[in-house]
Amino acid sequence: MSAPVTFPRAARLLTPKDFARLRGISRRVGSRHFSAEVAGNDGDGARLGLAVSRRVSKKAVRRNRIKRIARDSFRHVRGELPAVDILLIARTSADLEANAALRLELERLWRRIATLNAAEATGTMRD
């Protein structure tokens, strides 16, 4: 039986300082419905921060659906990712997409992030 997949507090970006650090030194990876800013960390695993603004949807239930799907997808692949901090930003088009399509797109995005060199701090990688 495989190890339980969790999303512990240590795997989350929590403070404004964490988010601000990413905005300055990160590498951007884009997809159709998400943009991810990635930077190496000196911790023992990948950490995730989510940004789903009211611009994506005025309804909290829709924004929360996107965040729930992203968290669930991340916790399944967290062990395969290098020690990086990831700020996942939802685009407005994410609100209209089906759950299965969002999961598939996130799986592709995590694979691309896993191939990045964590030491590379700047640049852009797009589909």
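What to note about this one:
- Residue match in the stretch 14-21 (condition: touching a residue at least 40 places away in the same chain (Cβ under 8 Å), part of a loop (DSSP other than H, G, I, E, B) and more than 11 Å from the chain's Cα centre (by Cα)): no
- From the list Val77, Val61, the one residue that fits, being part of a helix (DSSP H, G or I) and within 13 Å of Glu107 (Cα to Cα), is Val77.
- Filter result for Ser53 (assigned to a loop (DSSP other than H, G, I, E, B), small (Gly, Ala, Ser) and either touching a Leu at 6+ places or on another chain (Cβ under 8 Å) or over 14 Å from Leu116 (Cβ atoms) (or both)): yes
- Taken together, Arg78, Arg68 contain a single residue that is basic (Lys, Arg), within 24 Å of Ala10 (Cβ to Cβ) and at pLDDT below 95, which is Arg78.
- Matching residues in the stretch 36-51 - criterion: being crowded, with 17+ Cβ neighbours inside 10 Å and within 11 Å of the chain's Cα centre (by Cα): Ala36, Glu37, Val38, Ala46, Arg47, Leu48, Gly49, Leu50
- Matching residues in the stretch 80-110 - criterion: being farther than 13 Å from Arg65 by Cα and outside any helix (DSSP H, G or I): Leu81, Pro82, Ala83, Val84, Asp85, Ile86, Leu87, Leu88, Ile89, Arg91
- Apart from one condition, Pro16 fits all of (1) exposed (fewer than 11 other Cβ atoms within 10 Å of the Cβ); (2) in contact with a helix residue (DSSP H, G or I) (Cβ under 8 Å, 6 or more places away or on another chain); (3) not aliphatic (A, V, I, L, M); the exception is (2).
- Yes/no for Ile86 being farther than 18 Å from Asp18 by Cα, at pLDDT 95 or above and in contact with a Lys or Arg (Cβ under 8 Å, 6 or more places away or on another chain): no
- No other residue among Ser26, Ser53 is at pLDDT 95 or above, in contact with a strand residue (DSSP E or B) (Cβ under 9 Å, 6 or more places away or on another chain), at negative phi and of a type in the set (Ser, Thr, Tyr) apart from Ser53.
- Of all residues in the stretch 26-39, those that are closer than 15 Å to Trp110 by Cβ have Cβ atoms under 6 Å from Cβ atoms of residues that are of a type in the set (Gly, Ala, Ser) and surrounded by fewer than 20 Cβ atoms within 10 Å (Cβ to Cβ), 6 or more apart or on another chain, in Arg27/Gly123; His33/Ser93.
- Residues that are of a type in the set (A, V, I, L, M) and either farther than 18 Å from Phe19 by Cβ or not in a helix (DSSP H, G or I) (or both), drawn from the stretch 64-74: Ile69
- The set of residues in the stretch 67-92 that are closer than 14 Å to Ala51 by Cα and small (Gly, Ala, Ser) comprises Ala70, Ala90.
- Cβ-Cβ distances below 7 Å connect the following pairs, each with a first residue in the stretch 91-118 that is closer than 23 Å to Leu22 by Cα, a second residue that is acidic (Asp, Glu), and a separation of six or more residues or different chains: Ala114/Glu80.
The values are calculated or read from the model by the stated rules, or taken from the named source; none is laboratory data. Since this is a predicted model, take the numbers as computed values, not measurements. Heads up, the Cβs are rebuilt from the backbone with ideal geometry, glycines too, and the neighbour counts pull from every protein chain shown.
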